[in-house]
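Q: Quick one: structure below, then a few questions.
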Amino acid sequence: MNKICFIAIVLSFTLISINSDVFAVEHDSNIIIDGPYVRASIPGTSITSAYMSIENKNDEALILTGVSGLFSDRIEIHQHTMSDGMMKMRQVEQLTIEGNNKVVLQPMGYHLMIFNVKKALLPEEELSLTLHFKQQKDLVVTIPVRSIKQENPAKKQHH
Ligand SMILES: [Cu+2]
């Protein structure tokens with residue numbers, strides 16, 4: 001089973017709506033990061049993903065150009081699309097958050113794809129993630145690791 005296929009299967013278990021717990025909120029004067037989390041890495045894999053909402057309180061558009069963290073040397077902005085009933089994902093160079101608007105990174109939508117994690121990311125750990133913006137200073141976000149179970153507490157093994 002190749003990696004992409006494996007990810008697609010894992011993601012299919014998380015289709016159930018994400019619970020609406022309030023997570024740590026990071027404040028910049030004009031950028032609000034809400035509900036950030038990284039999915040715990042699955043043993044034997046070195047790839048995972050991260051989610052959050054990014055709210056832009058500026059009048060001008062905010063452009064996310066990249067993301068970095070010490071726990072990985074390759075983090076990409078990805079988007080999921082459905083094509084012929086197949087879920088695919090592709091890298092996007094940057095993510096624009098219009099003025100006074102919000103973009104939600106969530107399973108099946110935009111997400112941060114984290115490659116080559118240097119060690120297993122375990123639930124309850126906290127990581128530091130740096131968001132890079134065009135024409136705006138970097139924003140460092142503290143982001144917890146959550147297991148898929150924590151992501152979907154109501155969801156058990158049954159479909
Ligand atoms: Cu992806």
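Q: Within the stretch 105-120, how many residues turn out to be at pLDDT 95 or above and more than 23 Å from G85 (Cα to Cα)?
A: Of the residues in the stretch 105-120, 4 are at pLDDT 95 or above and more than 23 Å from G85 (Cα to Cα).
Q: Mind checking which pairs have a first residue in the stretch 57-80 that is aromatic (F, W, Y) and a second that is more than 15 Å from the ligand (Cβ to nearest atom), Cβ under 6 Å, 6 or more apart or different chains?
A: Close Cβ pairs satisfying both conditions: F71/K118; F71/L127.
Q: Taking the condition over 16 Å from the mean Cα position of the chain (by Cα), open to solvent by 60 Å² or more (accessible area, probe 1.4 Å) and without any contact (Cβ under 8 Å) to a residue 60 or more places away in the chain, does K134 pass?
A: Values: over 16 Å from the mean Cα position of the chain (by Cα): yes; open to solvent by 60 Å² or more (accessible area, probe 1.4 Å): yes; without any contact (Cβ under 8 Å) to a residue 60 or more places away in the chain: no.
Against the criterion (over 16 Å from the mean Cα position of the chain (by Cα), open to solvent by 60 Å² or more (accessible area, probe 1.4 Å) and without any contact (Cβ under 8 Å) to a residue 60 or more places away in the chain), K134 does not qualify.
Q: Count, please, the residues in the stretch 77-92 that happen to be part of a loop (DSSP other than H, G, I, E, B), open to solvent by less than 90 Å² (accessible area, probe 1.4 Å) and either away from the ligand (no atom under 14 Å from the Cβ) or more than 19 Å from L62 (Cα to Cα) (or both). Give the derivation first.
A: Here is the first cut: in the stretch 77-92, the residues part of a loop (DSSP other than H, G, I, E, B) are 84-85, 92.
Those left that are additionally open to solvent by less than 90 Å² (accessible area, probe 1.4 Å): 85, 92.
The next check asks that each one be either away from the ligand (no atom under 14 Å from the Cβ) or more than 19 Å from L62 (Cα to Cα) (or both); those that pass are 85.
So the answer is 1.
Q: Give me the residue from the stretch 93-116 that is under 19 Å from L129 (Cα atoms) and open to solvent by less than 20 Å² (accessible area, probe 1.4 Å) and, out of that set, farthest from the ligand (Cβ to nearest atom).
A: By that ranking, first place goes to I97.
Q: While we're looking at this one, here's another question. Would it be correct to say that S53 is within 16 Å of the ligand (Cβ to nearest atom), within 12 Å of the chain's Cα centre (by Cα), at pLDDT 95 or above and under 17 Å from T130 (Cα atoms)? Outline the logic, then answer.
A: On the way: within 16 Å of the ligand (Cβ to nearest atom): no; within 12 Å of the chain's Cα centre (by Cα): yes; at pLDDT 95 or above: yes; under 17 Å from T130 (Cα atoms): yes.
So S53 fails the test.
The values are calculated or read from the model by the stated rules, or taken from the named source; none is laboratory data. Worth saying up front: this structure is predicted, and the values here are computed from it rather than measured. Cβ: placed from backbone, ideal geometry, glycine included. Neighbour counts: every protein chain shown. The accessibility values were calculated without ligands, DNA or RNA, using every heavy atom of the protein model including side chains. Shrake-Rupley method; radii C 1.70, N 1.55, O 1.52, S 1.80 Å.
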